[in-house]
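A short worksheet on the structure shown next.
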Amino acid sequence: MLKRSGGRAEALREKLNKANAVRTKVLDEVKFFRSWAQNPLRTGAVAPSGPDLAAKMASFLTPRPHSRVVELGPGTGVVTKALIDRGFAHQHLNLIEYSPEFCELLSLRYPGLPVLQGDAYTLKDTLTVTGGFLANGEPANHSLDGIVSSLPLLTRPEPVRLALLEEAFRLLKPGAPFIQFSYGLVAPVKPVSRAVSIFSSEWVWKNLPPARVWVYRKGH
């Protein structure tokens, strides 16, 4: 009798957990759509990235004791979760988010994780605010182990996209990746330097819409 009661309680807990997960997903999608409706050029997508795409982005990074990884445009935190699941601790991450609403959500969802409200297109300056990797006047050049971006790059002019990538390479260690997903058929940024290598993943068909991951590296 006790075993049967315990089994029923476990089944009930599982159902409640699934219901809460569905509720959280729906609420996140509502927040994302509302943000897109208010400023479609800045938000870009009408829904958060799916977990399969997020896991693919995180897979190009390897956690190390003193890793420094910056996430651009985390939104509701889907890619953030994938980075944490990958093994990155809170002190390894800086999140840069423009939306105050998403900043508040991320701070509640991941207590203690540095969430910097600012503009990813002024990357170095944003990282110098309180909580940022460069807040204490540390050397900026070649100090980061990776940058993961969910920014809607294709809503920006090509010179702006290129300027972001060039600034990212000044901050990244030699060979460290700049990781960006895109729904497009071609690379979201076309570097002018042959020193930059570009890798494209296979399509993540489970994401809606399907997307793939672009990885940029520069040896310096």
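Quick notes on this structure:
- Subset tally (residues that are among the hydrophobic types (A, V, I, L, M, F, W, C) and either over 21 Å from the mean Cα position of the chain (by Cα) or modelled with pLDDT of 95 or more (or both)) for the stretch 175-186: 4
- Members of the stretch 62-92 found to be among the small types (Gly, Ala, Ser) and surrounded by 16 or more Cβ atoms within 10 Å (Cβ to Cβ), listed by number: Ser67, Gly73, Gly75, Gly77, Ala82
- Yes/no for Pro188 being in a loop (DSSP other than H, G, I, E, B), within 25 Å of Leu93 (Cβ to Cβ) and in contact with a His (Cβ under 6 Å, 6 or more places away or on another chain): no
- If the condition is being more than 21 Å from Arg217 (Cβ to Cβ), outside any loop (DSSP other than H, G, I, E, B) and touching a helix residue (DSSP H, G or I) at 6+ places or on another chain (Cβ under 8 Å), then the stretch 122-153 contributes only Thr126.
- Answer residue from the stretch 133-169, given it is polar (S, T, N, Q) and touching a residue at least 24 places away in the same chain (Cβ under 8 Å) and is most open to solvent (accessible area, probe 1.4 Å) among those: Asn141
- Flag for Ser59 being at pLDDT 95 or above, farther than 24 Å from Lys124 by Cα, surrounded by fewer than 23 Cβ atoms within 10 Å (Cβ to Cβ) and among the hydroxyl-bearing types (Ser, Thr, Tyr): yes
- Residue pairs whose Cβ atoms lie under 9 Å apart, separated by 6 or more positions or on different chains, with the first residue in the stretch 105-119 and touching a residue at least 24 places away in the same chain (Cβ under 8 Å) and the second basic (Lys, Arg), are Leu105/Lys31; Arg109/Lys81; Tyr110/Lys81.
The values are calculated or read from the model by the stated rules, or taken from the named source; none is laboratory data. Computed from a predicted model, the values in this text were never measured in an experiment. Counting neighbours? That spans all protein chains shown, and the Cβs are built from the backbone with ideal geometry, glycine included. SASA here: full protein model, heavy atoms, side chains in, ligands and nucleic acids out. Shrake-Rupley method; radii C 1.70, N 1.55, O 1.52, S 1.80 Å.
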